[in-house]
């Protein structure tokens, strides 16, 4: 889809490609290709005690809307506990990370503007097959190793 394309993008409930990355399940609802580069939207299922380490996106803003659970976000030195219905906006250049605080998986939407950063998630992990269990610890460690090789290609860096 190009920026001038007037077609509507529709993704039904349960739709979109899903991947296990770092033990989290990410479902791609919209990406740079389907939005003409405007944004990307991912649905994230984050297991208990999971979440990414502190990192920064130099050229994209990121926003999160929590659908279920409670997640602790770090923004530099500040810590925010975000619960169901809460929203966080992370401007480009801000060091941030998050961790699921609850015993159950947290579910949230993550936006990147402009789109393109979702390529990082698509380049890592393994496909999430409905009904199949998540991959084990070995895959999480492989994702971490592979991420270090590609992170800067996708407008990010770990700090």
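Any read-out appearing in this document is the output of simple, stated calculations on the displayed coordinates, not a laboratory observation. This is a predicted model, so every value here is computed, not measured. Using ideal geometry, Cβ is built from the backbone for each residue, glycine included, and neighbour counts are taken over all protein chains shown.
Here is how the numbers come out for the structure above:
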read-out	value
Cα gyration tensor category, rounded, prolate or oblate, for segment 59-129 with a/c compared to 1.5	oblate
Span per principal axis, largest first, for the Cα atoms of the chain (Å)	42, 38, 35
Sites residue 151 and residue 130 - FRET efficiency at Förster radius 25 Å, r taken between beta-carbons, to 0.05	0.30
Label-zone membership for segment 81-114, site residue 49, 7 angstrom Cα→C-beta point, backbone N under 13 Å	100-104
Segment 17-158: relative contact order in percent, alpha carbon pairs under 8 Å with at least 6 residues between	33
Ascending count of other beta-carbon atoms within 10 Å, so fewest first, for 18, 94	94, 18
117, 74 arranged by Cβ crowding within 10 Å, fewest neighbours leading	74, 117
Extended-chain gain in nm, criterion 0.36 nm per residue less alpha-carbon gap, residue 65 and residue 138	23.3 nm
Ascending count of other beta-carbon atoms within 10 Å, so fewest first, for 10, 26	10, 26
Fully extended contour minus Cα-Cα distance, from residue 123 to residue 74, at 0.36 nm per residue	15.1 nm
